[in-house]
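Quick notes on the structure that follows.
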Amino acid sequence: MSPRRLACLCLGWSCLLWSGLLAAEPPLPPPAAPEAAPLRPSYRLRPRDTIRVGVINEADTLVERRINPDGSIDIPFLKEIVPVGGLTVSEAQSAIEKLFLKYFKRPQVVLTIVNYAERRVYVNGFVGKPGTVLVPPEETLTLFRALTLAGSILPRGSRSDVTITRIINGVPTPIVKDVSKIDKGEEPDFPLEDEDKI
């Protein structure tokens, strides 16, 4: 091949290469990281929840139990009554794993909620629909929302003098709230607990 023809061939390949580079679209910027969803407070196990618990790959440890009124469950394999009420799922799993260490070197406990206990509050007085309001599982029901679900306070009712009766240490205890201040954002909404009476 003559030097002149070789030079032309190289020049041709150069042109093709540069034209390809110029025609290529610039690379897209990496996608932005999605914003983290706001975390809700972890659900805590409570009496009347039904849970299933056991060690992975150890079928004879698996049990399904409804949590007793005192917050405990019995696990026959352990021959123990185990307190789980008030714990999150991960806290309960860790506590039960420690008990299984007597029988297994590295027990991996899985605890799942089969059924949530029904939680309720009671709304009486000058509202559109007095009666029971159910609390959704894994959610906190607030005073404002409970009143809304009960048909809201009627015009003849008082928004500035709403009493919540709560059992604290076995004693019915009144808590007075001014809902008009919650309406205006002057006070935070008030979280309710199971069996509160409004």
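The values are calculated or read from the model by the stated rules, or taken from the named source; none is laboratory data. Because the structure is predicted, anything quoted here is derived from the model rather than measured. Backbone-built Cβ (ideal geometry, glycine too); neighbour counts: all protein chains shown. When the accessible area is computed, the model is the full protein with side chains, heavy atoms only, and any ligands, DNA or RNA have been set aside. Shrake-Rupley method; radii C 1.70, N 1.55, O 1.52, S 1.80 Å.
As a fraction of the 1.4 Å probe accessible area of the stretch 114-198, surface on carbon and sulfur atoms comes out at 53 percent. Restriction of the GluC sites (Glu not before Pro) in the stretch 64-121 to DSSP coil positions whose beta-carbon has at most 15 other beta-carbons within 10 angstrom yields GLU118.
Just reorder ILE168, ILE198 by solvent-accessible area, largest first, 1.4 Å probe, all chains present.
Details: ILE168 75, ILE198 25 Å².
Listed by decreasing accessible area, they come as ILE168, ILE198.
Using only Cα atoms, locate the centre of the stretch 81-107 and the centre of the stretch 108-141, then give the distance between them in Å, rounded to an integer. Value for the Cα centre distance between the two parts: 26 Å. The residues of the stretch 107-187 have, on average, 58 Å² of accessible surface per residue, using a 1.4 Å probe with all protein chains present. Listed by chain and number, the lysines whose C-alpha is less than 19 Å from the C-alpha of LYS79, apart from same-chain residues fewer than 8 away, are LYS98, LYS102, LYS105. Dividing the mean sequence gap of close Cα pairs (under 8 Å, 6+ apart) by how many residues the stretch 128-198 holds gives a relative contact order of 34 percent. Proximity of backbone amide H atoms, modeled 1.01 Å from N, is registered between VAL135 and ARG119, ARG120, VAL121 at under 5 Å, excluding neighbours fewer than 5 places apart on the same chain. In this structure, the amide hydrogen of THR88, modeled 1.01 Å from its nitrogen in the peptide plane, lies closer than 5 angstrom to those of LEU45, counting only residues at least 5 positions away or on a different chain. Here is the list for the stretch 145-190: trypsin sites (Lys or Arg not before Pro) lying in DSSP coil, each with at most 13 other C-beta atoms within 10 angstrom of its C-beta, are ARG156.
The trypsin sites (Lys or Arg not before Pro) found in the stretch 69-141 that occupy coil by DSSP, while having at most 15 further C-beta atoms within 10 Å, are LYS79, LYS102, LYS105.
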